[in-house]
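Q: Before we start, here is the structure in question, set down as structure tokens.
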Amino acid sequence: MDGWQGKVLRVDLSNRLIKIESVSLEVCQRYLGGRGLATKVFTEEVNPVIDSLAEENKIILATGPLTGTGASAGSICSIVTKSPLTNTITCGQAKMHFGAELKAAGYDILIIEGNAKSPILLSIQDENVEILPADHLWGETTSKVEDIVRLAISDPWKARETKILSVGPAGERAEPIATVIIDGLPVRNGVGIGAVFGIKKLKAIIVKGTKDITLAHGEGFINAVSASVEFLKEAESLREFSELGTHLLLKPIAKIGALGYENLSKRAPEAIYSLSTEFLGKLWQGDRGCFACPIACLKQTELGFFPEIEEFISLGPLCGIINPSATIDAYKLCIEYGLDANEMGAGVACVMELGKDLSFGETDGSLEAIRASGEGDEAGGLLSKGAFYLSRHFEREDVFMGVKRRSMPPFDPRIIQGIGLQYATCNFGATHLTGFTLIEELEDPYSIKNKAILVKRYQDQTAILESIGVCPYVLFGFNLSTFINMLNQATGLDFKEEEIIKIGEHIYDLEHSFNKNAGIVNEDRLPLRMLSQPINGMVSHLEEMLKEYCTLRGLPSEE
Amino acid sequence: MKNNRYSMYRIRVDSNKCTGCRHCETACSLTHILDKVNYHRSRIRVVWEGGHFFPLLAGPYVSNIQECASKKELVIDGNTYDQCMLCRASCPNKSIFKEPDSGIPLKCDFCGYREEGPACIKWCKSGALTLVRLKQ
């Protein structure tokens, strides 16, 4: 099989069984790989009504046909599981070099089922797959885990080639907002996945592979990738994205007043403009790229990665803090403990609004709260359970700004209408990551015209890119057709754009029906504050957009 | 371009610009073994050492490693570097720059002579690898 490896690695932690199965070309063709294939396997094998922390829950990691091939931005490995935060299906995107290494080890899919009795570590080196004890890693922070694992490998080159995916102490305690970390970078959309790793007592997965990935038309593939790199050098929008990362959007979002401030309770003050990208640029010490990504949008600081835009705003302005270096510290704590930074920022903002020991703008207090919740101290309170549980505990659900129990990213849906529809309709709870309409929407944020089509288009395109193994950030400037061409050259198949879009729609439907069967119905709605408490005289017109959206997707309208 | 046709070229490496994306590794492996990708077969490798990425072009195979000068640590501005990690020779001590199955050492051949220059440069967007033409 060209492009795919055709192999599935199944690891049963309860019975310590390791099995290598095969996956047919026909299935790959229908679900592409990555998010699509993982969702297909997950929805077939897992009963939607199970508890997300039950032994029956599985974690499915899948690479796409372009992962690790050298296709531009082809670094993605999708992680599908049932999330304890939202109780929905969820799909995280493992970036950096993990996906490429898993593919090089010879596997398209890695299925993890059952729960181990004591802490373990899954080691994959081509066919040599082992379940090893991990008592020495239990309790360690994520960067420490990587150091310990790498130091134990005597060959320094092999140590560097080994890619490590791990959970921090928060994941071990199965906190609902725990995420998974690779090379100091959290898995995108990974909130909740860390808890499933923790309950399975799976501290880390380490991968190293030496296998070839065969391609159908090598020369055509090289030409397609070369053309994309050339295009990148010329396209203005991509050049800017490459330079500023997701912070490219910071200024335009602040300008229209959509930057979440003090738990989305009021408009950000003028001081927010001091967070200009020119200023932030001084904190950056260079760019980092995931595997085979010529864009290299990640920024490095002395302490590791610089938070991406939503994490930066959540841990900063959303808590009333306008102090980038404090935000970097807070982000670093989240990484070390394996906590989702966006959810943590939203949780702190909730605590601040409730006035429980913290008030807006308290830098040291919020850092201490994050540390305590990472450590599992009492002082951390309910922060590590997520903003939803926290607000419910205090019987103040009105301060929870989220959908399906997951906090919204700090882009105000009252100003940017389309993103509100995306938050409401995303199958994984409120996130912009599965439908990054901000790329196009900022030119016309207030109107609701054509927003349903826009949201659906971005959702489907993201699902497709995540399925073929390409980072969806490429939508900042590339057309989907560029990658369909690469896909066709790599696999030797002849995918047409319309056909591919159908696959994207089908993935959404699979996820949606899983949620429905799990009992998540009538939850495609925004918090009341977004609908009734105007900012700049505007509220979200979700209702109208949702109606149009349901018609487009062929879903029954909610009452 | 015609006048330069028979000039030599070299690869200029600026490690400060490297983002560690390793697109060069895939370009190299794809160009040398068409229809297959495997970074282990690449003649350029990006190595992380002392907090920086260093693109290394595979040099000639060295068998005499008894008196190897690279087995030392280098300290610059308080940063410690393992010189062996920054050495671009293929040698019996190293697991890189060797075919993963046969163990045959690999060496950069500038992709033969191509008008557009070596494949790694073409895919390096960061500016870490650039083409330098030398007039003869």
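Nothing in this text is a laboratory measurement; each read-out follows from the coordinates by a stated rule. Worth saying up front: this structure is predicted, and the values here are computed from it rather than measured. Heads up, the Cβs are rebuilt from the backbone with ideal geometry, glycines too, and the neighbour counts pull from every protein chain shown.
Q: Return the average number of partner chain Cβ atoms within 10 angstrom of each residue Cβ along peptide B:30-43.
A: If you average over the peptide's residues, the count of other-chain Cβ atoms is 6.
Q: Quick one: angle between helix B:23-32 and the longest Cα principal axis of chain B, in degrees between 0 and 90, rounded to 10, please.
A: 60
Q: Separate question: Quick one: net charge around A:P176, please, counting Lys, Arg +1 and Asp, Glu -1 for every other residue with C-beta under 11 Å from its C-beta.
A: That sum, taken over residues with Cβ under 11 Å, equals +1.
Q: As a quick test, which of the pairs A:K163/A:K456; A:K255/A:K451; A:K208/B:K98 have an alpha carbon distance above 24 angstrom in this structure?
A: Exceeds cut-off: A:K163/A:K456.
Q: Excluding residues fewer than 8 places away in the same chain, name every one of the lysines whose C-alpha is closer than 16 Å to that of B:K135.
A: Leaving aside lysines fewer than 8 places away in the same chain, those within reach of B:K135 are B:K2.
Q: Where does the charge balance sit around A:T214 when Lys and Arg score +1, Asp and Glu -1, over other residues with C-beta under 11 Å from its C-beta?
A: Numbers: positive: A:K211, B:K36; negative: A:D2, A:D212, B:D35.
My count for the surroundings of A:T214 gives -1.
Q: A further question follows. Give the value in nm², to one decimal: projected area of the alpha carbon convex hull of segment A:83-151, averaged over all directions.
A: 6.2
Q: Return the ratio Rg/(2.2 N^0.38 Å) for segment A:7-208, where Rg is computed over Cα atoms only.
A: Cα Rg divided by the expected 2.2 N^0.38 Å: 0.93.
Q: Only counting other Cβ atoms within 10 Å, I'd like A:F306, A:F495 sorted with the fewest neighbours first. List each step's numbers first, then the result.
A: Numbers: A:F306 22, A:F495 17.
Listed from fewest to most nearby Cβ atoms, that is A:F495, A:F306.
Q: Same structure again: In what order do A:V27, B:V37, A:V41 fall by count of nearby beta-carbon atoms within 10 Å, going from fewest to most?
A: Working: A:V27 17, B:V37 30, A:V41 21.
Final ranking by Cβ density, sparse to dense: A:V27, A:V41, B:V37.
Q: If you don't mind, there's one more thing I want to ask. Starting from the exponent 0.38 and prefactor 2.2 Å, build the expected Rg for segment A:321-479 from its residue count and divide its actual Cα Rg by it. Write out the running numbers ahead of the final one.
A: Working: Rg = 17.1 Å, N = 159, 2.2 N^0.38 = 15.1 Å.
It is 1.13.
Q: Still on this structure: Name the GluC sites (Glu not before Pro) in segment B:47-94 that are in a loop by DSSP and that have at most 12 other C-beta atoms within 10 Å, would you?
A: In loop regions of segment B:47-94 (DSSP not H, G, I, E or B), the sparsely surrounded GluC sites (Glu not before Pro) are B:E67.
Q: Still on this structure, I have one more. Could you tell me which of rounded, prolate or oblate describes segment A:223-330, using a ≥ b ≥ c as the square roots of the eigenvalues of the alpha-carbon gyration tensor, with rounded for a/c under 1.5 and, failing that, prolate when a/b is larger than b/c and oblate otherwise?
A: It is prolate, given that a/c is not under 1.5 and a/b is the larger ratio.
Q: Which of the peptides A:198-204, B:19-25 is most tightly packed, and how do the rest follow, going by the mean number of other Cβ atoms within 10 Å of each residue? Before the final figure, lay out each step's value.
A: On the way: A:198-204: 24.3, B:19-25: 27.9.
Result, highest mean first: B:19-25, A:198-204.
Q: At a 10 Å Cβ-Cβ cut-off, how would you order B:R88, A:R371, fewest neighbours first?
A: A:R371, B:R88
Q: Using 0.36 nm per residue of separation minus the Cα-Cα distance, give me the extension gain between B:M8 and B:V75 in nm, one decimal.
A: The B:M8-B:V75 span can extend by a further 20.6 nm.
Q: What are the principal axis extents of the Cα atoms in the protein assembly as shown, in Å, biggest first?
A: Per principal axis, max minus min of the Cα coordinates gives 74, 56, 54 Å.
Q: So, by mean Cβ neighbours within 10 angstrom, what's the order for A:340-349, A:531-540, A:327-336 with the highest one leading?
A: Details: A:340-349: 31.4, A:531-540: 15.1, A:327-336: 24.4.
Those peptides, ordered most packed to least, come out A:340-349, A:327-336, A:531-540.
Q: Still on this structure, please answer the following. For q values of 0.29 Å⁻¹, compute log₁₀ I(q)/I(0) with the Debye formula on a Cα-only model of segment A:389-432, without solvent.
A: Once normalised to I(0) and log-transformed, intensities are -0.97.
Q: What number, in nm² with one decimal, is the all-direction average of the projected area of the convex hull of the alpha-carbon atoms of segment B:2-134?
A: 9.3
Q: Return the inverse of the average 1/r over all pairs of distinct C-alpha atoms in segment A:58-97, which is the Kirkwood hydrodynamic radius, in Å to one decimal.
A: Evaluated on segment A:58-97, it is 10.9 Å.
Q: Moving to a separate point now. Under 10 Å from the Cβ of A:V46, count the other residues' Cβ atoms, weight Lys and Arg +1, Asp and Glu -1, and hand me the total. Mind showing how you got there, number by number?
A: Numbers: positive: A:K58, A:K82; negative: A:E44, A:E45, A:E56, A:E113.
With Lys, Arg at +1 and Asp, Glu at -1, the net is -2.
Q: Say each of B:S15 and A:E544 gets a label point 7 Å from the Cα, pointing the same way as Cα to Cβ; how far apart are those two points in nm?
A: 5.9
Q: If you take every DSSP beta bridge whose two residues both sit in the protein assembly as shown, what share of them, in percent to the nearest 5, is antiparallel? Provide the component values of the computation, followed by the final result.
A: Details: 65 of 77 bridges.
Restricted to the protein assembly as shown, the bridges split so that about 85 percent are antiparallel.
Q: Can you give the mean number of other chain Cβ atoms that lie within 10 Å of the Cβ atoms in peptide A:210-218? Mind dumping the intermediate values first?
A: On the way: counts 8, 6, 10, 7, 5, 5, 1, 2, 7.
That works out to 6 on average.
Q: Let me ask something additional. Distance in nm between label sites at A:Q29 and B:D35, each 7 Å beyond Cα in the beta-carbon direction?
A: Inter-label distance under the simple model: 2.0 nm.
Q: Now for a different question. Straight distance only, please: which lysines reach the Cα of A:K404 with their own Cα at less than 18 Å, same-chain residues fewer than 8 apart left out?
A: A:K404 reaches A:K82, A:K385, A:K516.
Q: With n ≥ 4 as the cut-off for DSSP H runs, can you work out [θ] at 222 nm for the protein assembly as shown, using -39500 (n - 2.57) per run divided by the number of residues, rounded to the nearest 500?
A: About -10000 deg cm²/dmol.
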